[in-house]
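Student: Can you read through this structure? Questions will come right after.
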Amino acid sequence: MVIGIAIVNAMANETTSLGAVLFVNAIILVAAFVLEFIPGLQGQSSIQVLYDDLSLLQDEKSESLKADIAARTGLSIQRYTIDHVDLLKQTARITVYY
């Protein structure tokens with residue numbers, strides 16, 4: 001946002017009115033404010049979890065897996081992705097989005 005405002009201000013010259021530059025700056029600030037504070041537009045946070053129960057990695061047990069990860073971490077799980085399964089160690093690396 002700061003870079004965008006700096007570029008707009010740097011491109012202003014003698015033919016550009018001060019009102020036009022202020023108007024564009026205000027539009028950029030309002031857009032940033034709206035995108036930051038409207039619910040549902042914020043990004044999701046994520047963590048990586050080393051998970052030890054491979055029996056829940058089946059497709060039909062996805063809700064059980066979400067519930068188990070939520071119980072273990074105390075987070076409200078939105079979704080997850082299974083990144084890597086290590087069959088020798090019987091673990092899986094899962095990225096959890098909350």
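Student: Please tell me the relative contact order of the stretch 26-98 in percent, rounded to the nearest whole number, where contacts are Cα pairs under 8 Å and at least six residues apart.
Tutor: Relative contact order for the stretch 26-98 comes out at 36 percent.
Student: Which angle between 0 and 90 degrees, to the nearest 10, do you get for helix 62-73 versus the longest principal axis of the chain when only C-alpha atoms count?
Tutor: Its long axis makes an angle of about 80 degrees.
Student: Would you please classify the overall shape of the stretch 52-98 from the alpha carbon gyration tensor, given that a ≥ b ≥ c denote the square roots of the eigenvalues, rounded means a/c under 1.5, and beyond that prolate means a/b larger than b/c while oblate covers the rest?
Tutor: The shape class here is prolate.
Student: Calculated FRET efficiency, residue 33 and residue 54, Cβ-Cβ r, R0 35 Å, to nearest 0.05?
Tutor: Step by step, r from the Cβ atoms, then E = 0.15.
Any read-out appearing in this document is the output of simple, stated calculations on the displayed coordinates, not a laboratory observation. What you see is a predicted model; the values in this text were computed from it and never measured. Quick reminder, even Gly has a Cβ in these numbers, built from the backbone with ideal geometry, and neighbours come from all protein chains shown.
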